[in-house]
Amino acid sequence: MDDQEMQLKVRRVSDKFTESMYVLANEPSVALYRLQEHVRRSLPELVQHKTDMQSWEEQSQGAIYSVEYACSAVRSMANSSVYFKNIDSLLRQAISMKEQISSSQGRSPLVAASHASSTSSSS
């Protein structure tokens, strides 16, 4: 056997060995093992992120509800000005009617008020 022939045989064996190692290293079961290792390492962090996100979502939902409720209250207050104007008008009418009744009975409101206070203090 000649030196060149020996080198050719060594090269073939070496190439076959390299090809076999490449096939073994890239076999699907090895890939699945590597995938499993990756999932096992990264899963706890992903779970923590998920729980953090759920907590933030709950907090933001509560804040959104509070803001919507406050906006609703402000809108209700703005709409209630009509009712307050109506109450003001009715109170003015009631005071006017009271004054008319008092004057029709021959007493002015001031005299009636002073008469009521003098009778209550003498009792």
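The values are calculated or read from the model by the stated rules, or taken from the named source; none is laboratory data. As the structure is a prediction and not an experimental result, all values here were calculated from the model. Cβ sites come from the backbone with ideal geometry, for glycine too, and all protein chains shown count toward neighbours. These accessible areas exclude ligands, DNA and RNA; they are computed on the full protein's heavy atoms, side chains included. Shrake-Rupley method; radii C 1.70, N 1.55, O 1.52, S 1.80 Å.
Between I101 and Q48, the contour length at 0.36 nm per residue exceeds the alpha carbon distance by 11.4 nm.
Solvent-accessible surface of the chain, averaged per residue with a 1.4 angstrom probe and all protein chains in place: 92 square angstrom.
Simple spin-label estimate for R92 and S55 gives 5.8 nm between the two label positions (7 Å along the Cα-to-Cβ direction from each Cα). For the chain, modelled as a GNM whose springs connect Cα atoms under 10 angstrom apart, the maximal fluctuation among K16, K85, K98 occurs at K16.
Estimated at 0.36 nm per residue, the fully extended path between K85 and M6 surpasses their Cα-Cα distance by 17.2 nm. For the chain, the membrane-span-like helix rule (DSSP H, alpha carbon extent of at least 18 Å along the helix axis, mean Kyte-Doolittle at least 1.6) picks out no helix; this says nothing about an actual membrane. The list (1) 145; (2) 126; (3) 249 gives values of volume of the Cα convex hull per residue in Å³, and only one came from this structure; which label was calculated from it? Only one option fits the structure, namely (3).
In the elastic network of the chain, a GNM with C-alpha springs shorter than 10 Å, the most mobile of I101, I87, I64 is I101. Modelled spin labels at S72 and H38, positioned 7 Å past Cα toward Cβ, are 4.8 nm from each other. Taking a straight line from the alpha carbon of K85, these lysines sit under 30 Å away, with near neighbours fewer than eight places off in the same chain left out: K98.
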